[in-house]
Each structure stands twice: as structure tokens, then as C-alpha cells.
Amino acid sequence: MASHSDTLVVFFGATAGANGGKLGSDEREIILLVWQIVDLHENKVGKLQRCLVQPDTLELTEQSKEETGLTLDELCKAEPLDRVLQQFQQSVSSELKSMGRSSYVLCVDGPRLIRQAFHPEAAKKNLVLPHCFFSFVDLKKEFHQCCPNAGSVKELTLASMLQYACIPPPETKQVVGMQEVQSMVMLILHLLSAPYNHKFTGVETVMHKFETGACSKGESVDSETVIRARGLPWQSSEQDIARFFTGLNITKGGVALCLNAQGRRNGEALVRFVSPEHRDLALERHKHHMGTRYIEVYIASGKEFLKIVGATPNEVAQFLSKENQVIVRMRGLPFTATPEDVLGFLGPESPVTDGSEGLLFLKYPNGRPTGDVFALFACEEYVQHALKKHKQILGRRYIEIFRSTAAEVQQVLNRYMSTPLISTLPPHPMVPVPVMTSPSFLTSSGNRDCIRLKGMPYTADIKDILEFMGEHASDIRPHGVHMVLNQQGRPSGDAFIQMKSADLAFMVAQKCHKKTMKDRYVEVFQCSTDEMSLVLMGGTLNRSGLSPPPCKLPCLSPPIYSTFPPPATMLPAETTMYQPPLLVMPRSTQPPAHSTAPALAYYPPHPHAQFYMNMNYTAYYPSPPVSPSTVGYFSAPPGAVTTAVAAPTPAPIIPQSGALVRMQGLPINTGVKDILSFFQGYQHVPDDYSSVLKKLQADAVLILYNLRGQRSGEALVTFPSKEEARRAVAECSNHPLSGQPIRLACCN
């Protein structure tokens, strides 16, 4: 405290850029220091000192040249900042000794010189500032205490304070810096004398280190103290952000790194300061640099801060009750991992504080583990050993390890507990629903009357395809052009075209193969309607058979499917003119997902199909899974359900004859070939299959997916008879596949 100090060191500085009320706002380096000692007991004044500082970048703005009167030649002869600070300490210490004093506090005209100039520059240059730069007296605030009618602290200037106190300015105009210091000294002596007899006790401090801690949801946070920093490097820690705002005081636990929907850092952070004054100074660091990246700083609210870091005391407080601990996050753990597994993985060279008590496993509201765990370490050395195990294997999974923060612990916990990542809605009832007959232009058959175009430009449209086909465009069936979209709803570069006969398809494949479309050669292959339908449904037809796509629908079991309404598809503006009227009609309202009355796949009749012989060739298919006959797919109109149920059910792609065997416990990476090899010796394809299906024996295998689009570890295999299925279950059940025993069961 200044009351315990014998002297004040009146301090002034200037930078190579903005000065005065904008000092430190442009990251310019300090180029000038001026100081003078004032004895508080005897009202004596020491010698006026002035020293130039050589910046690392020898540049001066025109404003700085005009205000300081300095030139680059003068700065070239000066010493760098670290040596000037040493000279400052030696000069002040020797002068205090001669005056018989022992302690001092800096006195400045506002906090900018210390908070916005010295500390940020020292942090960038990795300089250790003397202890005296972590406390100071603000002359404006001291003057405001004595003369509250002089105006607000923000409005006070040296000239206005001298005028209010009726103190004439220095008679002779001196060099910049020396005149300001002399004016400050005159104001100090004036406040020390009667009638004020002021005691300089209002010392401001600069925090040496940012303190971590927890924040409760019930805590009150002033919105005038919070900012949002954007553009942070993804590996930034709390200490890195506190270092960026060095010189400004951040509250305990006041740095909150923001996460995206996947639980990863998004380059943003919320920072809470001790007062609105510090928040306002932080806003002036907008587009200042952290390394080579500039950081954007914006105003934020207290609600946003609490939303990110607020946690109920019992959730996080116990884990974070030990202070001065370094937090590490481990992600991707096996769901069966125990504290002993984690401690063994980290090893004795990186012991966790208090063993298993220093581990925080995160779980979903239903109690299922998320695969995330936070660990506490007592020192940096242990953390470095733990980080070396990044992407090493635990069980059968590699583990990601990186630094974390108390705010991230709270934020991840809030995310998992308040918004479950897995839907808790009741499952859709798996009611057997008949599938209505596909339109005539997309009938299922093994006839190879289709062609597949691969490698088209993503910008290709219906006109480009017709031009590419040339004279063969007239041989396309009505509604016979089907463009394939990817999972993002964008063109994939593939398309299927239905020709009027297999001979025409063969001819087109021969003539158009590797023909150019918009400077890209396109591959053309002959295929069947069945193959086209499989791909348009979202599957992948390749050498290893049909691979069903990841989807967010319940698993479907052959031979009967449950049909669900597909998502609405946005038709490109340029293709609407080629759509039949039914495509551009508004869809009727779909029944809710939990309705007990499932929707039917209903295809309205196309009375005008023959009128679109030469122009209606486009049918855009949304990303899988959808019906291959997406054209005109609506909810069934009144009466259609009854008609559909009464009508005979046609055979779907996967045959109804035969028996099903369910496989459980499959490794996640199991493919169709692996399953076929598991059942060596059994005939999976009935003799009465078409020639196409005989070549695609993998069609007897259907790998199942869960609600999140991930493989569920189960599959269905179609056998030609119940006897063959029972025999396979009896002889192959619990046999290993890739080291895991496989459970088999016959399905009804």
C-alpha cells in the first residue's frame, strides 16, 4: 500500500503509435520513459529523469512523431526495454538511498501505461517485469476523491485537473514527457497540502497469475464484465488466454473455453473481468495478436458466461476442490474402462492426484459412459508424461489426451447432462407395412437396360446429360434420368439412365464411355434396374457386394420393410421446369414420428407420363435412405392404406423365400466378405435367383446400423431354407470372428 511507502515515483511513457487516451490500443512498442521521485513525508522532489527505448521494430507513426518529437535516428542509439528497466531500477534505488527512503509506488496518469503497454509488451518479449510494475497509484482517481466536482475519472485530463486546482502549468514548454511529469508532481504536492492533506492509499494491483476455479449457476455475473474472444488457436489453454489479456485482472475461474456441438473447442472463449473498467480495456485489444493470429474481442453477457461455465456445486466442486492442479482431458475411452484401467494406462510416471478420486468420468443422463474422463495432476512434469501417451491404445481404441480447464469440465458436463446426445424419445414401432408397387418406369428386374454415368462435373444438370447422350437421348425412357446425391444433398457426380432396351444400353455404354462432359471424361457402364435401385436406395455396389449406408432410421430386417417419410428435398431452380406436376406439388403434412399409424410408401398415378417423353428425365434423389421411387412420394391419401393392405404384396429386392439368421457380437469393422467367409460351406443364394443375384451372393447379408448411423454389431443372413439356417446356428454359434465369439439365432 502507498500508505506504507515513503515515496511515489511519478511515471510517464509513450509508444511508437497511439498515445494519450489510446495508449496501448495498437500494440506499438514503448519508446520513451520519464520519471521523478516525490517524498510523501517531506514534500520533496527528486531529479527528473528521461530515457529513450529502442523498439524491436524501428517504425514511428506520423502521430507519434508529432506528439513525441522523436526520430528514428535517436531511437537507434537507445537501449532496448530490458536494459532500460534495469537502469530505471538502479536509478530509483540509488536516489531513494540518498534520500533515506526504502520503498516506493509508481504513480501514473491513468492505468493504460501499466496495464495496456508495459504488461502486454513484456509478455510478448518474455520479459520479467520488476515487482514495482504490479502495483500503482492512479492520479486521476486520487484527484477525484479530493475533488469529486471536477468531473468523472474518464473525463479528467492533466490540463483540466490543473485548471480546477488553479495551478498554472509549467512556465517553459519542455520536451514531451518531462512537462507531463512536472504537471503530475505539482498536482501531487497540491493534494498533500492543506486543505486536502490527502493520503495516497488507493493502490491498484495487477494479478501475477490467473487462478482457476469453479463457478456456480446461482452466482451473479455482471454483464458489464464479460467479453467474447474469437479466433483463438484450438490448442489454447486458460493460461494462454490470460496471458493475452495480461495486465487486466480476470476473476477466479473467469476463462471459459467454448465447445462446438461435437464437444471440441471452436476457437472462442468467454472471459470475465473483475470490473467494467478492465472489460473496457480488454475491448481495446480487438484484433491484437496471439502469436501470428489476431484475436477478435466482443461484448458478451453474464448469461452467456453462466451458460458455458455454470455448474451446480455438487457436480464439479468436489472434483475441482483441490486448487493448483493441472487438468487433462482424455477422450475416446472404451465404454467399459474403469478407473484402474485409466491409472494403469497413464502409468507411474504420471500419477493422478489422489488416485481414482482425481478422475471424473462423464456419463449420459441414462448412466451410459461417454468415453470422456478428466484427470488432475499435481505438477507440469506429470502432465508432460501424460501427454506423451496421446493416441496410444487402451483396449482396442486409441485415446486422445490434451490439456483442459475447469470451465471446460463444467461445460462438457453441462452439455452431457442437460442435452442428451442420444435421443430419449420412445422408439418407432416396428409395425410390418406392405410396400406398394413401384411406378412402371422404375420396375425391379434383372434386365440390363440401364447405364451408369460416373465422374460427371458437380455442376452438370439435365441439359448437360442430354447433350452428352446426343442422338441416344431419344432412347431414354420417360422419367429415366436419376441423379445421385451425396449425404449433404449435393450432386455426387453419378447418374443412372434407363434406356428402352438392353441392346440400346449396351450401345450407349460402348459409344459414350470416356466421352467428355464439360472438360471431364465420364465413364459409362451398362447395369441392371436392380443394381440401380440398390444404389439409389443409398447402398454401395462394389466388388464386395452391397454395403448399406449409415442412417438414422431403425434397422430394417428382410423380407418386410417399415417405410418412413423421407426428408423434403430442395429442387434446384433450373430443374423445376423438367419435373412432372406431382413433384412440384406441396407435400401433405406427415404424421408424427411416434404415431402408431405408420406411413405408407404411396405413389400417385402419373396420367401425364406419356406427355413428358422427351423432357421429363430428371428425378433428384435425397441422401439415403429413401425409396428408389422418390418421384411423387407423398403420405398416403385417405383410403390408400386400406387399398394397399388389401392388395397383394409384391416381392421386395431381398427374397421372401428362405430363413433369416441374426448374427450378434460382430466386430465394428466386419464386412460382407468376412461374414460370407464365416459361413463357408453353406449356400446363401437359392437356385431360383436371377442371373444377376447369383453373381451378387453378398446380397444375402444385411449389416445393421443403430440410430446414430453406426454399425450395431449385428447382421442378418438369408439362408435358402430353415434347415440350412438351423444347421448354421447349431454348428457355427459362438465360433470366433476376428477374435470375438459370434452369437447366432434364427429369426421368425
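The values are calculated or read from the model by the stated rules, or taken from the named source; none is laboratory data. What you see is a predicted model, and the numbers here were worked out from it, not measured in a lab. Quick reminder, even Gly has a Cβ in these numbers, built from the backbone with ideal geometry, and neighbours come from all protein chains shown.
Structure notes:
- Candidate set from the stretch 336-372 (those that are part of a strand (DSSP E or B) and under 19 Å from Arg403 (Cα atoms)); member that is farthest from the chain's Cα centre (by Cα): Leu359
- Residues that are under 49 Å from the mean Cα position of the chain (by Cα), at negative phi and not aliphatic (A, V, I, L, M) within the stretch 149-169 comprise Ser152, Lys154, Glu155, Thr157, listed in sequence order.
- Number of the condition not met by Cys166 [criteria: (1) touching a residue at least 24 places away in the same chain (Cβ under 8 Å); (2) assigned to a loop (DSSP other than H, G, I, E, B); (3) of a type outside the set (Asp, Glu)]: (1)
- Apart from one condition, Ala122 fits all of (1) buried (at least 17 other Cβ atoms within 10 Å of the Cβ); (2) of a type in the set (A, V, I, L, M, F, W, C); (3) more than 27 Å from Val92 (Cα to Cα); the exception is (3).
- Cβ pairs under 9 Å, 6+ apart, first in the stretch 505-522 and exposed (fewer than 14 other Cβ atoms within 10 Å of the Cβ), second polar (S, T, N, Q): Gln510/Gln526; Lys518/Thr459
Residues are listed down the side, and each one gets a yes or a no for (1) more than 39 Å from the chain's Cα centre (by Cα); (2) modelled with pLDDT under 75; (3) in a strand (DSSP E or B):
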site	(1), (2), (3)
Met430	no, yes, no
Tyr458	no, no, no
Phe468	yes, no, no
Thr516	yes, no, yes
Leu541	no, yes, yes
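- Among all residues of the stretch 129-144, there is at least one that is among the hydrophobic types (A, V, I, L, M, F, W, C), touching a residue at least 40 places away in the same chain (Cβ under 8 Å) and part of a loop (DSSP other than H, G, I, E, B).
- Matching residues, the stretch 388-407, being among the polar types (S, T, N, Q) and crowded, with 18+ Cβ neighbours inside 10 Å: Ser404, Thr405
- Any hit, the stretch 318-325, residues being at pLDDT 90 or above and either outside the structural domain of Arg115 (by TED's automatic domain parsing) or not polar (S, T, N, Q) (or both): no
- For first residues located in the stretch 715-742 and under 15 Å from Val701 (Cα atoms) and at pLDDT 85 or above, partners that are polar (S, T, N, Q) and surrounded by 12 or more Cβ atoms within 10 Å (Cβ to Cβ) and lie 6+ apart or on another chain with Cβ distances below 6 Å form the pairs Leu716/Ser557.
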